[in-house]
Amino acid sequence: MPTTSLSVMAWWTAFSLSLLEHLKDPRRSVEELYRVLKHGGTAVIQLPNLQYPFEPHTKWPLLCLVPKRLQSRILKMIGYPYINMEVIIKNALSMLQKAGFKLKETVKVYHLGIMKLLPQAPAYIFITRKIR
């Protein structure tokens with residue numbers, strides 16, 4: 001049976017679930033998602049909102065407002081040194097657009113109904129389409 005490399009395969013759908021914020025260079029992952037999709041294919045990207053009042057991984061309050069250097073120390077101290085706090089929603093949307101994706105739909109994810117009282121959701125799902 002012949003083996004097929006991902007480098008020559010194309011897919012209609014690709015998923016990235018709670019991944020990008022754990023990567024040193026999330027842009028490369030977004031570009032790879034784009035590369036492996038067929039023209040017109042769909043990428044579904046789920047991201048926690050790192051600017052939420054309680055950081056989703058650590059539950060640390062207002063971590064997004066702490067200076068970057070202190071953020072890194074706090075994350076390392078509590079056992080989360082691999083969270084890339086630069087992967088905020090705005091930056092993720094920009095990465096997707098620059099890679100060539102068109103945003104089709106944004107879904108806000110709430111874990112509890114009371115969370116809907118805040119203007120931001122704790123997580124988002126972006127449904128995108130490869131257009132170029």
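Quick rundown of the values:
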{"quantity": "Filtered residue count, the stretch 92-124, keeping only those that are buried (at least 16 other Cβ atoms within 10 Å of the Cβ) and within 16 Å of PRO26 (Cα to Cα)", "calculated": "7"}
{"quantity": "Among residues of the stretch 47-91, those that are part of a strand (DSSP E or B) and crowded, with 17+ Cβ neighbours inside 10 Å, counted", "calculated": "2"}
{"quantity": "Neighbours by Cβ (under 8 Å, 6+ apart or cross-chain): first from the stretch 107-132, within 15 Å of GLY40 (Cα to Cα); second among the hydroxyl-bearing types (Ser, Thr, Tyr) and assigned to a strand (DSSP E or B)", "calculated": "ILE127/THR42; ILE127/THR106; THR128/THR42; ARG129/THR42; LYS130/THR42"}
{"quantity": "Hits in the stretch 87-104 (condition: free of Cβ contacts under 8 Å to residues at least 24 places away in the same chain and within 29 Å of PRO61 (Cα to Cα))", "calculated": "LYS90, ASN91, SER94"}
{"quantity": "Condition check for TYR34: touching a helix residue (DSSP H, G or I) at 6+ places or on another chain (Cβ under 6 Å), among the aromatic types (Phe, Trp, Tyr) and either part of a strand (DSSP E or B) or at pLDDT 95 or above (or both)", "calculated": "yes"}
{"quantity": "Any hit, the stretch 5-14, residues being touching a Ser or Thr at 6+ places or on another chain (Cβ under 6 Å), touching a residue at least 24 places away in the same chain (Cβ under 8 Å) and farther than 19 Å from GLN120 by Cα", "calculated": "yes"}
{"quantity": "Any hit, the stretch 7-28, residues being over 23 Å from THR128 (Cα atoms), at pLDDT below 95 and either surrounded by fewer than 12 Cβ atoms within 10 Å (Cβ to Cβ) or touching a strand residue (DSSP E or B) at 6+ places or on another chain (Cβ under 9 Å) (or both)", "calculated": "no"}
{"quantity": "Those residues of the stretch 13-27 which are among the aliphatic types (A, V, I, L, M), closer than 12 Å to MET85 by Cα and over 8 Å from the mean Cα position of the chain (by Cα), in sequence order", "calculated": "LEU23"}
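The values are calculated or read from the model by the stated rules, or taken from the named source; none is laboratory data. All values derive from a computational prediction rather than experimental measurement. Cβ: placed from backbone, ideal geometry, glycine included. Neighbour counts: every protein chain shown.
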